[in-house]
Amino acid sequence: MAATRSKSIGGLLAAATASLLGQNAESAEVYGNNWSVDASYLSYSEEDRVDVESYMIDVRGDMSDRDSIKLGVVLDTMTGSTHTGAVQTSSVTTVTGTSGAGFTTSGEAKALAPFEDTRLAVDMAWTHDFWRTFRVRPNAYVSVESDYEALGGGITAEKDFFNKQTTLSLAFGGSTDKIAQLDGRTPVPGSDTADEDFAGEGRRETLDGVIGITHAVNPKTLMQLNLFYTVSEGYHTDPYKVVSVANENDIELTRIYESRPTERRRKGLFASLVHELRADRDTLALDYRYYTDGWGIDSHTVNLRYRYQLGSERFFLEPFGRYYRQTAADFYVRNLATGESVPRYVSADNRLARLRSTTYGMKLGVPLGQGGILKLRAFRFEQRMKNAVFGENNATAYQITYTKDFQ
């Protein structure tokens, strides 16, 4: 009975997706058994800051012997408070806040603004094998929030060499974003908040490219290297972030809206090494990412994961850790001094400050039902910023994922 039900569900998923792509029901039935579904829930909570609940579902499967598809849906709900960029002033100032809400800051409020928002994102990728060693994967996505919209897509081409021991990949993508406060307006960058100088919604266009190589060094070791380059033009300013003008006693006298450059060029590399320590059991994975951009930010990221198999193939324990470090943007300031002229570009957003962060946690995989696996993940995030109003940010999170294969 269980096997019959799994086949039926897989067939229904395949048939539904095939109708979207204009394929016939007969093709869907033939490949209806080779499908998998991921359903996931994530809870992320910062100390006295942001709380996020995220619901995700991914559906993957074969449409034919040459075509496969992946569909994903994400729903996020975000609540809490976020730093506006202002100092912890002892004066009281009222400005337009995150997601359009008015708020009052004071020493007690610690320059935090309450907010809540919901995000819905949908993505789709289709892979077609033109022949045994060459495939193309177009993709598209859309993400919508109350004050932000993103629409993008791209295409990836992969070619195998040396009996599939080496794979070369080339990817191009693009996106267009719309940014505004809830009323559809954006503050003029660098303007005094008291002037209420607003313009229409902001728009940003982005193009990116990636070239990569994946090589199987031996049956137990896999290496990957990617080079990426991204250029974006348009509105990069956060419409809710401000910069305080304060005296030597850190008393805010006035504040302005931040102003960021209208162009950002980013480049870097990603390297990965995966090694099987024991046959069909334990695996060690090490990743490194270097990033630099035209704003003066350089960053280094190291990820380490160790998967230990506990008996069956689907029963595993995986401790992991991540270390991240970045330099500050050229135009980042904690605040402006009284009498100091307003620079063309300026921001007190602590995400642009010099910072470092560590993440560590554990992931557990437990077989559950025929073709199913339950994954439990918990982690701790700790971030430290230099020359910032709030010098630290800590968070805990856990995630529950259930994967079901229909074969």
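Within a 10 angstrom radius of the beta carbon, how do 133, 186 rank from fewest other beta carbons to most? Please list the in-between numbers first.
On the way: 133 14, 186 22.
Exposure proxy ranking, most exposed first: 133, 186.
For helix 2-20, report the angle its Cα long axis makes with the longest principal axis of the Cα atoms of the chain; keep it between 0 and 90° and round to the nearest 10°.
It works out to around 60 degrees.
Could you work out the helix-only [θ] at 222 nm for the chain, with each DSSP H run of four or more residues adding -39,500 (n - 2.57) and the total divided by the number of residues, to the nearest 500 deg cm²/dmol? Mind showing how you got there, number by number?
Values: 2 runs with 25 residues, N = 407.
Computed ellipticity for the chain at 222 nm equals -2000 deg cm²/dmol.
Taking residue 363 as the anchor, which lysines have their alpha carbon closer than 19 Å to its alpha carbon, excluding any fewer than eight residues away along the same chain?
Within reach: 375, 404.
Assign unit charges at the C-beta atoms only (+1 for Lys and Arg, -1 for Asp and Glu), then state the dipole size of region 194-327 relative to its Cα centre in Debye, rounded to the nearest 20.
Values: 18 positive and 21 negative charges, 195 e Å.
Value, rounded to 20: 940 debye.
For labels at residue 73 and residue 207 in the simple 7 Å Cα→Cβ model, what's the distance in nm?
Each label point lies 7 Å from its Cα, and together they span 3.5 nm.
At a Cα cut-off below 30 Å, give the lysines reachable from residue 267, other chains included and same-chain residues fewer than 8 away excluded.
Partners found: 70, 159, 164, 178, 241, 386.
Label residue 168 and residue 374 with points 7 Å out from Cα along Cα→Cβ: what is the distance between them in nm?
Computed distance between label sites residue 168 and residue 374 equals 4.7 nm.
Putting +1 on Lys and Arg Cβ atoms and -1 on Asp and Glu Cβ atoms, find which of 151, 368, 202 reaches farthest to the positive end of the dipole of the chain.
Looking along the dipole axis, the top candidate is 368.
How large is the dipole of the chain about the Cα centre if only Lys and Arg carry +1 and Asp and Glu carry -1, each at its Cβ, rounded to the nearest 20 debye?
Computed charge dipole of the chain: roughly 1720 debye.
Estimate the FRET efficiency between residue 220 and residue 197 by the formula 1/(1 + (r/R0)^6), using the beta-carbon distance for r and 45 Å for R0, to the nearest 0.05.
Values: r = 62 Å, r/R0 = 1.37.
After rounding, the FRET efficiency stands at 0.15.
Just need the relative contact order of region 34-406 here, percent rounded to a whole number, with Cα pairs under 8 Å and 6+ apart.
Working: 1063 pairs, mean separation 50.2, N = 373.
Relative contact order of region 34-406: 13 percent.
If N is the number of residues in region 122-272, what value comes out of its Cα radius of gyration divided by 2.2 N^0.38 Å? Walk me through the numbers before you get to the answer.
Numbers: Rg = 21.9 Å, N = 151, 2.2 N^0.38 = 14.8 Å.
Scaled against compact globular proteins, the figure is 1.48.
Mind giving me the nanometre distance, one decimal, between the label points for residue 38 and residue 305, set 7 Å out from Cα along Cα→Cβ?
Computed distance between label sites residue 38 and residue 305 equals 0.9 nm.
Read-outs: derived from the displayed coordinates by stated rules, not from any lab. Keep in mind that what you see is a predicted model, and the values were worked out from it rather than measured. Glycine also receives a Cβ, built like all others from the backbone with ideal geometry; neighbour counts cover every protein chain displayed.
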